[in-house]
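Below: one structure, written as structure tokens.
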Amino acid sequence: MFERRKRNRFVERNEILIRTTVDKYQGAGVAAHTYDLSTGGARIVTSKSYPVGTFIKIRLNLAGSDHSVNLDAEVKWLKQRPNEDIFEIGVEFERLTSQAVLALIRHLYGRNDGIPSTVS
């Protein structure tokens, strides 16, 4: 099978808060968590369904640290878990700032594997 991903995925649970552009100033947002994470996107487990193409804002609390990153993302796929009101959504990060990319690289690569000398 052909692997389309350009970046390594790390299976890791990070607590997140999701908001859409519609509800960004209303309520607390939707609590969720990542199943896996890369510098380009994530698989998110959530109690709310987000249609493909929806743009969301994510506050990602990086596991094992007191750091968080604010990210914009687009929902690329959606899957409901069988017999549950739980959804998995695949998101691609959009308009990443250099600070956000650096925080993700340090978090994902800085622990065991070392920070790569080239980043795509």
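Would you mind telling me which numbered condition in (1) within 13 Å of Val91 (Cα to Cα); (2) basic (Lys, Arg); (3) modelled with pLDDT under 95 Lys48 fails?
(1)
When you check Arg13 against the structure, is it at pLDDT 90 or above and either exposed (fewer than 10 other Cβ atoms within 10 Å of the Cβ) or in a loop (DSSP other than H, G, I, E, B) (or both), yes or no?
Judged against the criteria, Arg13 is a match.
I'm trying to understand the selection: among the residues of the stretch 32-51, which are part of a strand (DSSP E or B) and either touching a residue at least 60 places away in the same chain (Cβ under 8 Å) or within 8 Å of the chain's Cα centre (by Cα) (or both)?
Scanning the stretch 32-51 gives Thr34, Asp36, Leu37, Gly41, Ala42, Arg43, Ile44.
Is there any pair with a first residue in the stretch 97-109 that is under 14 Å from Ser68 (Cβ atoms) and a second that is of a type outside the set (S, T, N, Q) and loosely packed, with under 14 Cβ neighbours inside 10 Å whose Cβ atoms are under 8 Å apart and which are 6 or more apart or on different chains, and what are they?
Ala103/His67; Arg106/Ile115; His107/His67
Checking Phe55 against (1) modelled with pLDDT under 90; (2) within 15 Å of Trp77 (Cβ to Cβ); (3) aromatic (Phe, Trp, Tyr), only one condition comes out false. Which one?
Going through the list (1) modelled with pLDDT under 90; (2) within 15 Å of Trp77 (Cβ to Cβ); (3) aromatic (Phe, Trp, Tyr), Phe55 breaks only (1).
Being over 12 Å from Ile89 (Cβ atoms) and at pLDDT 90 or above is the requirement here; does Val22 meet it?
Judged against the criteria, Val22 is not a match.
What tally of residues in the stretch 75-113 results from selecting those that are part of a loop (DSSP other than H, G, I, E, B) and on the phi < 0 side of the Ramachandran plot?
11
The values are calculated or read from the model by the stated rules, or taken from the named source; none is laboratory data. Note that this is a predicted model, so its numbers are computed, not measured. All Cβ positions, glycine included, derive from the backbone under ideal geometry; neighbour counts span all protein chains shown.
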